[in-house]
Amino acid sequence: MLKLSVIEREEHTGRGRPRLGVTVKPKLGLPARNHAQVVYETLRGRLDFTKGDESINSERPRCSPYPPGATAVRGRLAEWAPPGRARAEEAGQAMTAKRSRSHAIGVASDRNLALELVRVTEGAAIAAARLMGRNAKEEADQAAVDAMRQRLAHVDMDGVVVIGEGEKDEAPMLYIGEHVGNGNPPRVDVAVDPIDGTTLVARGLPGGIATVALSDRGTLYATHCAYMEKLIVGPRAAGVIDITDTVRDNLRRIARAEGRDVEDLTVVVLDRPRHEALLRDIRATGARVKLITDGDVAAGLMAAMEERTGIDVLMGIGGAPEGVLTACAIKAIGGGMQARLAPQSEAERLTAADEGKDPGVVLQLDDLCAGENVFFAATGITDGELLEGVRFAGSTARTQSVVMRSWTGTVRYIDAIHNMTRLRALAASGRARMRPVASELLVAPTGGRRLRSGIKGGAA
Ligand code: VTB
């Protein structure tokens with residue numbers, strides 16, 4: 001016997017009646033064809049088919065009519081002949097439309113995609129951490145990319161990489177424009193940095209993280225420029241920053257907003273020759289300085305989460321992709337961020353010009369990330385101030401991650417223990433849906449390629 005749950009919502013369909021929906025529970029285990037038939041009859045009977053409360057792909061394959069997604073049912077609806085192919089196709093489209101609405105990213109379904117993304121960053125972090133301190137940046141990066149890509153494929157989303165490892169020709173995986181996810185709604189822009197701080201990981205230094213962000217399709221700032229000037233603060237000072245103003249005046253206003261003296265502020269800056277004048281200006285105000293060698297995504301997060309980290313401001317020029325990723329997290333934290341493209345070479349100036357972008361223009365947080373539904377996840381690779389790194393102990397790997405969602409502003413820290421013995425066994429038996437990549441399972445890596453587009457690094 002069929003078990004259907006019928007829901008009534010106050011919300012209207014726009015056709016003069018309330019939405020009256022039917023959910024056919026996947027756990028019933030109906031084969032795709034029978035499931036399609038029930039959905040079809042539901043739609044013909046003028047009910048709305050809804051499936052918003054749970055991830056179809058999270059159902060156990062044995063029970064689910066859907067694997068590898070709702071495509072099977074949609075396909076069935078479209079091909080199902082009686083009582084008329086056209087109507088069946090119509091029903092198929094109706095179902096797709098309903099699903100798109102009910103899966104509006106993170107709102108109607110109240111789905112927190114960041115909780116799914118954390119599995120992606122955990123995998124990348126474990127894979128990269130196996131190669132910590134080997135002075136092998138490319139191998140570590142490759143391992144993180146492999147793991148991240150493998151896991152992204154299982155996320156219920158129709159994603160396009162906007163911030164990635166570079167151009168398709170240079171980066172065979174997670175390249176800009178690559179489609180990721182299983183193709184189901186929601187439609188999202190994806191920003192990835194499988195390792196922010198490859199040098200840190202290669203040298204076993206603190207602060208390397210794996211990170212991913214998602215935002216509604218078309219809402220992330222896309223550029224091929226490599227460098228960006230950034231000014232980041234926490235929520236209390238969000239309204240007082242002005243990247244076009246002097247360092248002194250910015251720090252004075254930030255200190256006032258924080259209810260502190262300028263001397264009490266800590267400003268984090270990438271340790272680069274290009275920041276000589278900036279550092280002089282900061283030191284002249286009496287503010288404290290924290291220099292980092294790499295990893296300005298984590299540093300930007302720390303500046304925005306000043307309560308927890310003791311860092312109040314991030315200033316200076318870092319990676320542009322890192323800037324967009326950071327902006328996604330700042331949206332959830334509620335901090336303040338302004339940026340400007342900061343070309344460091346003639347080639348980069350030409351790139352900006354080709355894109356029709358003026359490096360003088362101030363980019364506000366919403367220019368970098370215009371989405372209302374933004375999800376961010378990061379997992380520590382090496383021990384850092386923001387996150388602990390991966391710890392291996394016999395058959396387990398421990399990870400620490402932070403996940404954020406802009407809609408609610410919730411920030412969660414997630415400690416996880418991964419049973420590598422069991423994962424290894426599942427991988428060997430072919431029963432793991434998400435097969436761990438070689439380096440996660442301590443299998444010797446096969447050698448890597450440098451994936452990231454090579455435009456950075458030419459300048460001081
Ligand atoms: C920063 C840092 C990154 O790039 O964004 C930096 O956070 C900027 O580029 O970890 P330069 O190193 O050329 O200054 C990274 O170091 C990653 O490449």
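Whole Å is fine, so just give me how far the alpha carbon centre of the range 332-392 lies from that of the range 220-235.
That distance is 4 Å.
Would any residue of the range 175-218 have its amide N under 16 Å from a label point 7 Å out along Cα→Cβ of Arg308? List them or say none.
Output list for this probe position: 207-212.
Compute the distance in nm between two label points, each set 7 Å from the Cα along the Cα-to-Cβ direction, one at Thr266 and one at Asp358.
Here the answer is 3.9 nm between the modelled labels.
Of the DSSP beta bridges with both residues in the range 227-368, give the percent that are antiparallel, rounding to the nearest 5.
Beta bridges within the range 227-368, antiparallel portion: roughly 70 percent.
If each of Arg256 and Leu426 carries a label point 7 Å out from its Cα toward its Cβ, how far apart are those two points in nm?
The answer from the label model is 5.5 nm.
Applying the Karplus parametrisation 6.51 cos²θ - 1.76 cosθ + 1.60 with θ = phi - 60° to the phi angles of the range 406-417, what ³J(HN,Hα) value in whole Hz is obtained for each residue in order, glycine and proline being reported as x?
Each residue of the range 406-417 in turn: 6, 4, 9, x, 6, 10, 10, 9, 10, 9, 10, 10 Hz.
Kindly provide the chymotrypsin sites (Phe, Trp or Tyr not before Pro) of the range 298-394 that DSSP labels as loop, not H, G, I, E or B, and whose Cβ sees at most 14 other Cβ atoms within 10 Å. Provide the component values of the computation, followed by the final result.
Details: sites: Phe375, Phe376, Phe392; in loops: none.
In loop regions of the range 298-394 (DSSP not H, G, I, E or B), there are no sparsely surrounded chymotrypsin sites (Phe, Trp or Tyr not before Pro).
Based on the mean of other beta carbon atoms within 10 Å per residue, what is the order of 245-251, 259-265, 329-335, most packed first?
The packing order, highest mean first, is 329-335, 245-251, 259-265.
Mind ordering 231-241, 162-172, 298-308 by average Cβ neighbours within 10 Å, highest first?
In decreasing order of mean packing, 231-241, 162-172, 298-308 become 298-308, 231-241, 162-172.
How charged is the neighbourhood of Thr326? Take every other residue with its Cβ under 11 Å from the Cβ of Thr326, and add Lys/Arg as +1 and Asp/Glu as -1.
In short, -2.
Under 12 Å from the Cβ of Leu368, count the other residues' Cβ atoms, weight Lys and Arg +1, Asp and Glu -1, and hand me the total.
-1
Computed from the coordinates by the stated procedures, all read-outs in this text should not be read as laboratory data. Values in this document were obtained by computation on a predicted structure and should not be read as measured data. Glycine also receives a Cβ, built like all others from the backbone with ideal geometry; neighbour counts cover every protein chain displayed.
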